[in-house]
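What follows is a set of notes on a single structure, which appears directly below.
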Amino acid sequence: MPDLTGNPAGRVLTLLERVQERPGLTAPRLAEDLGVSERTVRRYVATLQELGIPVEAGRGRYGGHRLRPGFRMPPLMLSSDEAVAITLALALTDGSRPDESRPAQTALAKLLRALPAVVSDRVQDVLQAVAPPPDPNRGSGTADPGPVADLATGVVERRRCRVRHRGTDGTTTVRELNPYGLAVVWGTLYVHGWCHLRQARRTFRVDRIDRVDLLTRTFRAPAIDVAAAVERSLALARPEWPVSLLLAGPVAEVEPWFPRFLGVCEAVDDTTTRLRSSTSNLDYFVLRISDHPFAMTVERPDELRAAFARAAERFSAAAASTASAAPSVSIPSRPARHAQ
């Protein structure tokens, strides 16, 4: 966050910010906050009044300062983290490259024009580093803007970061990361990059990162689609059931049937495609994976074959049933939302 109290102009703006936030502050309190004399506070107030900003002071030494009733300042006196938070929300709501064709983009463009250069530079880092969601109606995760901004700086400046990350089991690890980019997938903000602890590319939820320290060491980033890399990473991230299927079709024809978050398609030969995925619920996975015209062969796990058999039994029973004689078929428990 820039220090606005290091020069006279900055102290004048800081005084105005204090008066807007807390009407009634006295001259002694303002002098203490700004590190100046009460006489200087009175001079700053006079400067604001000369600029047409009606700061008024009560009578006597302990009279409080406030803006004249009915006068409103534009809400553009933002700290760096506040500007990043607003920018992130706008970018992830309606795209990160403002063309002023939609309301959120118009607001983002106005914000960028009004910010001080030192804050605008940090905001631009975020815009360059974050891939907006393909569906603007889906919101982002509730990530702290401070770590987001530091990660974005690491992406733009190609600087290694030391991050403190909380796992799903509650354990905390400290690891060094080459951040390749940030992206929103299914409403959550992720950072993708090279993890030096695991010596492999990894994806992390940003709302589980408590601290980011920018290091001096730089790195060379590969040319990758970060959003696609995050989706593929998530498709393979569930530890309960790693899945591998063979589909009778060339990869160019098979791949459009499977969203990247559902699985990774790899060419085996000109007529066969391997689909790799993972799931925490085999019965639900069968339903998700069955909407396509290709013949399938299960490579692993064996338990997936049993899940297909259960689904076939239910569908066969439904096909043979009549309204007067509904068969009794065991139904698997309802999976958690978004489980695969």
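Structure values in brief
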| quantity | calculated |
| --- | --- |
| Rough spin-label spacing in nm, given labels placed 7 Å along Cα→Cβ, for residue 47 and residue 306 | 7.6 nm |
| Stretch gain in nm, segment residue 322-residue 38, where the contour uses 0.36 nm per residue and the Cα spacing is subtracted | 93.3 nm |
| Segment residue 186-residue 313, length gained on full extension (0.36 nm per residue, minus Cα span) | 42.5 nm |
| Residue 211/residue 17 FRET efficiency (R0 35 Å; Cβ-Cβ; nearest 0.05) | 0.80 |
| In region 196-276, trypsin sites (Lys or Arg not before Pro) in a DSSP loop with at most 11 other beta-carbon atoms within 10 Å | 198, 220 |
| Efficiency of FRET from Cβ geometry, residue 264 and residue 220, R₀ 30 Å, rounded to 0.05 | 0.75 |
| Dipole axis of region 8-67 (+1 Lys, Arg; -1 Asp, Glu on Cβ), positive-most option in 64, 44, 34 | 64 |
| Over region 236-320: Kirkwood hydrodynamic radius from C-alpha pairwise inverse distances, Å | 13.2 Å |
| Ascending count of other beta-carbon atoms within 10 Å, so fewest first, for 157, 50 | 50, 157 |
| FRET efficiency estimate (nearest 0.05) - Cβ-Cβ, residue 114 to residue 157, R0 22 angstrom | 0.35 |
| Within region 251-270, backbone nitrogen closer than 11 Å to the virtual label 7 Å beyond the Cα of residue 236 toward Cβ | 264-266 |
| Separation in nanometres of the label points that stand 7 Å from Cα toward Cβ, at residue 121 and residue 197 | 3.1 nm |
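FYI, it's all coordinate maths here, none of it is from the lab. Being a predicted model, the structure only gives us computed values, none of them experimental. Virtual Cβ from ideal backbone geometry, glycine too; neighbours counted across all protein chains shown.
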